[in-house]
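Remarks on the structure that follows.
What follows is calculated from the coordinates using simple rules that are stated; it is not laboratory data. Just so it is clear, the model here is predicted, and its values are computed rather than measured. Counting neighbours? That spans all protein chains shown, and the Cβs are built from the backbone with ideal geometry, glycine included.
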Amino acid sequence: MQTDISHTQSSWMSRHKLDIAPFIFLIPALFFFFIYVVMPIFQSLQLSLYEWNGLYDGDGQSTASFIGLENYRNLWIDPNFWISIKNNLLWLFLYMLAVPVGLLIAIFLNQTVTGIRIYKSLFFFPFVISQVVVGLIFGWFYNPDFGIVAKVWQFFFCEETINFIGNKTVTCARPVPDILSSADYATYGIIFAGLWPQVAYCVILYLTGLNNVAADQIEAGRLDGAKGWKMLWYVVLPQLRPATFIAVAVTVIGALRSFDMIAIMTQGGPYGMTNVLSHYMYEVAISEYGERYGYGSAVATVLFSIMMVFISYFLWRMYQDERRGA
């Protein structure tokens with residue numbers, strides 16, 4: 001009898017080993033995902049209902065006090081929170097420029113001409129360097145004393161005169177702009193800096209997609225008289241839908257979770273006008289001026305909810321595409 005049961009179990013395992021194998025490999029990853037992602041999300045949701053400065057009493061007990069939805073009510077009347085929301089939407093809107101720009105650059109790089117590898121290397125370079133380095137580079141670019149923007153501005157709007165003892169004096173019709181110190185232009189300057197590596201990422205996605213474009217469909221389009229924009233719109237772009245979907249999804253998530261560039265270039269200034277939700281969360285909870293962990297968790301919860309709307313939509317679209325493909 002025991003032999004029959006063992007044989008039955010063994011035969012069941014042998015029949016379903018291909019179905020079970022993926023889950024066996026996924027178990028370690030799912031375990032760490034649950035510990036380091038899922039649990040902190042629920043802990044943050046719980047903490048958003050408390051007021052806490054991160055300290056414990058002498059007995060090791062948390063000094064947090066339950067205040068319910070008070071943190072969320074305070075968010076509603078917090079002008080800095082609404083500035084962060086507005087900046088996040090601005091990031092989201094302008095960051096989408098990375099998708100069409102990346103497509104155009106990828107089409108250019110998909111040529112077989114002399115020196116194209118050098119051009120590809122130049123466009124790939126921003127993708128492999130750190131966001132922190134990008135922020136530092138553009139911080140130097142925008143510097144009103146020695147940056148490239150200042151030099152270009154002086155070339156067009158300034159005059160250099162030399163007095164009788166040989167001293168140089170620069171007179172500008174308009175003062176050199178200090179972009180990162182301007183409440184009106186600092187956010188645009190940071191977004192422009194962030195677009196540099198994001199465009200490079202979209203270029204890589206579209207180059208991969210262009211390598212998979214069916215040559216027979218291109219030839220059929222040429223025989224039908226399609227060329228230029230018509231070839232791109234009716235023949236190439238439909239085949240690039242998977243690459244476009246991934247590019248849009250990654251760009252949206254990147255815009256919503258933008259933090260590094262702001263932390264390096266302006267630290268949320270001037271006067272908090274360049275803050276986004278992720279940096280404002282850090283500012284009120286973790287920075288030296290913060291220690292409002294419950295309030296920061298409420299900001300994080302709002303950001304998480306916004307991201308979940310987009311992520312759920314992208315997952316739904318992927319599911320629909322899979323069903324149509326099946």
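Applying a DSSP loop filter and a limit of 16 other Cβ atoms within 10 Å to the chymotrypsin sites (Phe, Trp or Tyr not before Pro) in the stretch 226-302 leaves 259, 271, 289.
Note down the relative contact order for the chain as a percent, whole number, built from C-alpha pairs under 8 angstrom at least six residues apart. Computed value for the chain: 25 percent relative contact order.
Estimated from the Cβ-Cβ distance and a Förster radius of 41 angstrom, the FRET efficiency linking residue 259 and residue 223 is about 0.20. Extension gain for the segment residue 61 to residue 311, taken as residue separation times 0.36 nm less the Cα-Cα distance, is 86.3 nm to one decimal. Computed from the Cα positions only, the extents of the stretch 170-219 along the three principal axes stand at 61, 20, 16 Å, in decreasing order.
Within a straight-line Cα-Cα reach of under 29 Å, residue 120 can be paired with the following lysines, leaving aside sequence neighbours fewer than 8 residues apart in one chain: 151, 227, 230.
Ordering 153, 263, 231 by Cα displacement along the dipole of the chain toward the positive end leaves 231 in first place; charges were set at the Cβ atoms of Lys, Arg (+1) and Asp, Glu (-1). The mean of 1/r over all distinct Cα pairs in the chain, once inverted, gives the Kirkwood hydrodynamic radius of 24.5 Å.
Every helix of 4 or more DSSP H residues in the chain counts as -39500 (n - 2.57), and over all residues that averages to -21000 deg cm²/dmol at 222 nm. Under a model in which nothing but the beta-carbon of Lys, Arg (+1) and Asp, Glu (-1) is charged, the stretch 135-250 shows a dipole of about 220 debye around its Cα centre. When only alpha carbons of the stretch 101-205 are considered, Rg and Dmax amount to 18.4, 60 Å. For the chain, complete DSSP H runs whose alpha carbons reach 20 Å or more along their own long axis and whose mean Kyte-Doolittle score is -0.5 or higher are 2-33, 79-95, 186-211, 241-256, 293-325. Between residue 46 and residue 116, the contour length at 0.36 nm per residue exceeds the Cα-Cα span by 19.8 nm. Across the options 40, 22, 102, the greatest Cα extent toward the positive end of the charge dipole of the stretch 1-135 (unit charges at beta carbon of Lys, Arg, Asp, Glu) belongs to 102. Dipole check for the chain: with +1 at the C-beta of Lys and Arg, -1 at the C-beta of Asp and Glu, and the Cα centre as origin, the magnitude is about 1240 Debye. Of all alpha-carbon pairs in the stretch 197-312, indicate the percentage at a distance above 21 angstrom. Value for the stretch 197-312: 56 percent of Cα pairs lie more than 21 Å apart. For the stretch 1-145, a simple Cβ point-charge model (Lys and Arg +1, Asp and Glu -1, everything else neutral) yields a dipole of about 820 debye relative to the Cα centre.
Legend: ranking of residues 122, 210 from fewest to most surrounding C-beta atoms inside 10 Å; resulting order 122, 210. Modelled label positions at residue 148 and residue 136, each set 7 Å beyond Cα in the direction of Cβ, lie 1.7 nm from each other. Applying a 4.7 Å Cβ-Cβ cutoff to the chain, the cysteines left without a disulfide-compatible partner are 202. Modelled spin labels at residue 196 and residue 34, positioned 7 Å past Cα toward Cβ, are 4.4 nm from each other.
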